[in-house]
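Trainee: My questions all concern the structure below.
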Amino acid sequence: MRRSTVLYLVTLPVLALGIWLVIQVGTRLSAPRDLSGVWQIESANPVLATSGGPSKTLKIQQSGRYLSAWFDNGPALDLRLIKQANDPRGGFTNEIAGKNWGLTLDVTGDRDSVHGTFSGDRSGHFTAHTTPDDRNAAAAKAARAASAGSHTLMRRLLDSPIALILVQVTLVLMVSRLMGILFARLHQPQVVGEMIAGIMLGPSLFGLLFPATFAAVFPKDPAAMAGVNILAQVGVIFFMFLIGLELDPKLIRNRGHAAVVISHVSIIAPFLLGASLTLLLYPRVFNQQMPYTSVALFMGASMSITAFPVLARILTERNLHKTAIGAVTITCAAVDDVTAWCMLAFVVAVARSTGTGPATLTAVKAVAYVIVMFFAVRPFLRRLQAVHDRQGTLSQNVVATIFLLTLVSAYTTEAIGIHALFGAFLMGAVMPKGTQFVRTLSAKLEDYTVVFLLPLFFAFTGLRTQIGLLNSGPLWMCTLLIIFVACLGKFGGSTLAARACGMSWRESSAIGILMNTRGLMELVILNIGLELGVITPAVFAMMVIMALVTTGLTTPVLQLITTRKLFGDGIPELRPKRRGLFSILIPVADPRSGGPLLRLADLLAGKDGRIVALHLSRPVDRDAYRSGFAEASQPVADTLRPMLEQAAQMNTTVEPLSYVSQDVPDAISRVARESQIDLVLMGFHKAVVGRAMLGGTVHRVLSGTPRDVAVFVDRDYKGGPRVLVPYLGGRHDRLALDLASRLARNGPSTAEITVLHVVPPRRREGRQLDTQGAVDRAFNDPTQPAPVHVRVVENASPVDAVLQAAKDFDLVVIGVSEEWGLASHLFGWRPERIVDAVPVSMLIVRKFARSDREADPEPTPSEPAEPATQRPAVEQSSASA
């Protein structure tokens, strides 16, 4: 019997026994009774008056033994419950300690009213009662009006519900996009930045720095926030439909026994550890109205989740989805996703039920509904697919039908008692997979859901996340403990399971850190827990931090533990380079530019040269895996195909290379370095920001690639024989001479090279000899048939001299330098005059300085010219301008 099978058979009983023991022990624990709420003060001692006058309300938020209280117009009071005892009148008495003072709350009528007494530095007493919901809403609305009233412009912006929701959505989309782009630049999943953007817009940052503006834009009045909340919930419903839609059973079938074992162990281990952690946390940070069984099961389920979309995005960005480890990991995540959502449905049913009988009835209804979806709804969806295949398009009626089925499925599971999100996920799961029907539907829905609706869900989560509730050392220790247990269960369980299945420790560790990704799926589960009342706002904040930390750690830790030997770094292996072979790398972004670049590369490389065609595609913006993978792979072939077909016609060998990269300039640099490329030949582009052609991506390649770089400005170049090389003596100009000599050797027999040396007026002496020596060194091949002309001209403006001479040539090969007006800048606002005005094609080159000697802008006058015993005839001419 396999070791993996033994492990599988052992872990299932261990889970069952462990959960049973945890629940048996935990049911004997007790949590403090809840004091959270808004208390309306009826009478108070004048000593309790704050800077704004006598207090009218007392707000309390409680997480077990830890409380935060606010008197209106006063600062927050950080409290800790010392003792809680039942009262003969049916209430309970609380002894609470604060900084330099104490508080006793005598609750009568079980939360109907409260009598409080302060002692210590602040003595006094008060009587309060709970605030009805309508009075609470009215108070929130009044507070919003007061805060907006002090800002005339804000009052005008927010004077109607539609204006308020437009401001809210605009702010959310702007911040989420900016943070997503920033984190993508930091090589983090974009969803991490969007999650943090949601928290930034909540009370933890925006509300802390700008409380009045925050209260006006995101008021506590539920009616004012109804629009954003509804859009957020609808967004999550359709996102879960997309997750089910992208979950292809082919990912699970025929992927090996190990993947199923690793996946289930990666659920069992964190589930058991999360439930066991509740034994420590329940009496400390949970409240009595939260049943221990529901809390333990929910904590276990929330620890077990893996963010399938984020994991797949990381694999795609690092080009690991085609590797063996990537295939195992994505299979584990797919199995994990299905299993975890089934477990969560069971947990929700238990939390909503009041006993064993109702929970069993809910489970029976859920199973019956799943059967109906697979055996009744799924055949109907196949008929819709047939309609799509027959018509060739996805009609609006079909889309509307699928949307209606999704909403009905979500409503049904909500009515059954297992949450609406499970119904949306199930609807996506029963859709036919691997068809154009599904791909078209996914494309129609994903952009709107992911770009517009999901950021609203992040903001909705951020408004619920109050990191300020973690206002003491013990609460932060609980947060660190949650993070440690989450990583230990997911990373440790996955790693040990993979090791037991025969993988190496490095491979097992890579799978473990990938499975530890939680991301958006964790936020979805946490919001369910907060709605069900099985976690407190403080625990919600702890778990949100855990989700961010575990997701953010994935990419850097994966970078540390992986090696190219194990995974590759996204760069496919090329054949070894032969010694002395001149190799050229051609990055191709536009299929139309491939042909001209190939013709020029063929002339530069010669018969024995090596040409590598590189296509880099950025990861698709969508988080879903299957459609994203398909769209990331298909354009590669379409982009390189015209060049490869032309290479076959030219009888030229081209090595195609393609993969996905988040940072295209950095990827070009790595390919050039690791593949031992001699020259990077690329086309130009007009930057989005700025007017220069050597800005943006071109600038980053020019400045960051440790190889020589040439930028080709094509103006219908057909390999004409007349080549002009402007020369001032710098290292970039010397590279231009070298490349021109290659064109002369490999080009047509009628090729003709002209070296244009521009000198200031009346300073010809000494310059001509330097130019002649450089030309002798560059054109010293006795087999070169092309003649070389050296033309020395006097002109105060080198650019004007080139513009006057260039019209008589087919190609200008010129070095990057300030003298030619070709300095490279990331954001160039001044267009390069010489590029705009030269009417023929140009090859702009930059020499990589491998040593200080090469970096010198001018060759030393004493440097002897290499003897050229056999070289083509060099004709000299002089001119003045």
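The values are calculated or read from the model by the stated rules, or taken from the named source; none is laboratory data. Predicted model only: the values in this text are computed from it and were never measured. Here Cβ is always computed from backbone atoms with ideal geometry, including for glycine, and neighbour counts include all displayed protein chains. Side chains included, ligands, DNA and RNA excluded: accessible areas come from the protein's heavy atoms. Shrake-Rupley method; radii C 1.70, N 1.55, O 1.52, S 1.80 Å.
Trainee: Between Leu205 and Ala443, what is the label-point separation in nm under the 7 Å Cα-to-beta-carbon projection?
Mentor: Here the modelled spin labels are 3.5 nm apart.
Trainee: Here's something else I'd like to know. Simple spin-label model, 7 Å along Cα-to-Cβ: Phe374 to Met174 in nm?
Mentor: The modelled label-to-label distance comes out at 5.0 nm.
Trainee: I've got another one for you. Need one number: nm distance between label points at Ala226 and Thr104, each 7 Å from Cα along Cα→Cβ, rounded to one decimal.
Mentor: Going by the 7 Å Cα→Cβ label model, 4.5 nm.
Trainee: Name the residues whose placed amide hydrogens come within less than 5 Å of the amide hydrogen of Tyr659, ignoring near sequence neighbours (fewer than 5 apart) on the same chain.
Mentor: His615, Ser617
Trainee: Note the full-extension length gain between Leu17 and Leu488 as 0.36 nm times their separation in residues minus their Cα-Cα distance, in nm to one decimal. Could you put the intermediate results ahead of the total?
Mentor: Details: separation 471, 0.36 × 471 = 169.56 nm, distance 1.98 nm.
Going from the current span to full extension adds 167.6 nm.
Trainee: Then there is this: Residue by residue through segment 467-478, which ³J(HN,Hα) values in whole Hz follow from phi under the Karplus form 6.51 cos²θ - 1.76 cosθ + 1.60 (θ = phi - 60°), with glycine and proline marked x?
Mentor: Per residue, the Karplus-derived 3J(HN,Hα) values read 5, x, 5, 7, 9, 8, x, x, 5, 5, 5, 5 Hz.
Trainee: Could you pull out which residues in segment 419-443 have an amide N less than 19 Å from a spot 7 Å beyond the Cα of Phe452, following the Cα-Cβ vector?
Mentor: 440-443
Trainee: So if each residue of separation counts as 0.36 nm, and I subtract the Cα-Cα distance between Glu531 and Ala400, what length gain in nm does that give?
Mentor: Numbers: separation 131, 0.36 × 131 = 47.16 nm, distance 2.95 nm.
Going from the current span to full extension adds 44.2 nm.
Trainee: Hey, another quick one. Just to verify a number: what accessible area does Ile230 come out at with the full protein assembly present, 1.4 Å probe, Å² rounded to tens?
Mentor: The accessible area of Ile230 comes to roughly 110 Å².
Trainee: In whole angstrom, how far apart do the alpha carbon centroids of segment 175-233 and segment 489-520 sit?
Mentor: 32 Å
Trainee: For an R0 of 25 angstrom, estimate the FRET efficiency from the Cβ-Cβ distance between Asp608 and Asp808 and round to the nearest 0.05.
Mentor: 0.20
Trainee: Sticking with this structure for a sec: Compute the length gained on full extension between Lys718 and Asp666: take 0.36 nm times their separation in residues and subtract their Cα-Cα distance, giving the result in nm to one decimal.
Mentor: 15.6 nm
Trainee: To the nearest 10 square angstrom, what accessible area does Glu531 show with a 1.4 Å probe?
Mentor: Rounded to the nearest 10, that gives 90 Å².
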